[in-house]
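A.B. asks: Below is the structure I would like to discuss, written out as structure tokens.
The values are calculated or read from the model by the stated rules, or taken from the named source; none is laboratory data. Because the structure is a prediction, the values reported are computed rather than measured. For neighbour counting, all protein chains shown are included, and Cβ atoms are generated from backbone atoms with ideal geometry for every residue, glycine included. All accessible areas refer to the heavy atoms of the entire protein, side chains included, with ligands and DNA or RNA removed. Shrake-Rupley method; radii C 1.70, N 1.55, O 1.52, S 1.80 Å.
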Amino acid sequence: RKLEIEGIDAWEGRGLHYFVRRKDAFRNKSCVIVGGGDSALDWTLGLQDIARLPITLVHRRERFRALEATVKEARQLEEEGKVRIVVPAEVREIRGNGPVQAVTLENTSTGESLEVECEALITLLGFHSHLGSIADWGLELHGKRQILVNPMTMETSLPGVYSAGDVAGYDGKIT
């Protein structure tokens, strides 16, 4: 998923990242990570040894969707000055002369703006899943975008057809 900012695509390759390929790409860079799930929190922790600190973590809600232990660790790093957590907030603007140099964050509760130095904007907002032509196979769905499976065998409603990963769904699945 992309940030809903006009002209966002122009920043790709100039400091905007949708995932982390190589940690070393963030060496000594001021990083802003956007997201509230496991990936966002994991990379906030995982870049501690390489990025310029503090790493700024931005989430649109007060509560995170990541594992509680990871959130607790990020909060501890915030107390140590190694992480800056900005919630509830959203990125409103990206600025820079060539590469990304700063972002403007808006506190969605108060409307206040905060400008943050940023050489690497890492957005970890999940993805849109589309079944494509698989939707025409006659498989039973779990919700609108997942294939219903038996959680023990991963078999779908069609004999001999199995599904796994994000596209597979069943009651009680942790997402």
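A.B. asks: Out of everything in segment 11-45 that is hydroxyl-bearing (Ser, Thr, Tyr) and not in a loop (DSSP other than H, G, I, E, B), what residue ends up being surrounded by the fewest Cβ atoms within 10 Å (Cβ to Cβ)? Outline the logic, then answer.
C.D. replies: Step one: filter segment 11-45 for residues hydroxyl-bearing (Ser, Thr, Tyr), giving 18, 30, 39, 44.
The next check asks that each one be not in a loop (DSSP other than H, G, I, E, B); those that pass are 30, 39, 44.
Working: Ser30: 20, Ser39: 18, Thr44: 30.
Ranking the qualifying residues of segment 11-45, first place goes to Ser39.
A.B. asks: Still on this structure: Name the residue that is modelled with the lowest pLDDT, counting only residues in segment 144-175 that are touching a strand residue (DSSP E or B) at 6+ places or on another chain (Cβ under 6 Å), of a type in the set (S, T, N, Q) and within 23 Å of Gly37 (Cβ to Cβ).
C.D. replies: Checked segment 144-175; the qualifying residue modelled with the lowest pLDDT is Gln146.
A.B. asks: Go through segment 91-129 and give me each residue that's open to solvent by 80 Å² or more (accessible area, probe 1.4 Å) and modelled with pLDDT under 95.
C.D. replies: Listed by number, the residues that qualify are Phe127, His128.
A.B. asks: Follow-up. Within segment 66-90, track down each residue that is in a strand (DSSP E or B) and either open to solvent by less than 80 Å² (accessible area, probe 1.4 Å) or in contact (Cβ under 8 Å) with a residue 40 or more places away in the chain (or both).
C.D. replies: Those that are in a strand (DSSP E or B) and either open to solvent by less than 80 Å² (accessible area, probe 1.4 Å) or in contact (Cβ under 8 Å) with a residue 40 or more places away in the chain (or both): Val83, Ile85, Val86, Ala89, Glu90.
A.B. asks: Starting from segment 47-61, keep only residues that are touching a residue at least 60 places away in the same chain (Cβ under 8 Å) and among the small types (Gly, Ala, Ser), then list their pairs with residues that are surrounded by 15 or more Cβ atoms within 10 Å (Cβ to Cβ) and not in a strand (DSSP E or B) whose Cβ atoms are within a distance under 6 Å, requiring at least 6 positions of separation or different chains.
C.D. replies: Once the first residue is touching a residue at least 60 places away in the same chain (Cβ under 8 Å) and among the small types (Gly, Ala, Ser) and sits in segment 47-61, its partners that are surrounded by 15 or more Cβ atoms within 10 Å (Cβ to Cβ) and not in a strand (DSSP E or B) give Ala51/Phe26; Ala51/Lys29.
A.B. asks: Please verify whether segment 46-61 includes one or more residues that are part of a helix (DSSP H, G or I) and either at negative phi or open to solvent by 70 Å² or more (accessible area, probe 1.4 Å) (or both).
C.D. replies: Checking segment 46-61: at least one residue is part of a helix (DSSP H, G or I) and either at negative phi or open to solvent by 70 Å² or more (accessible area, probe 1.4 Å) (or both).
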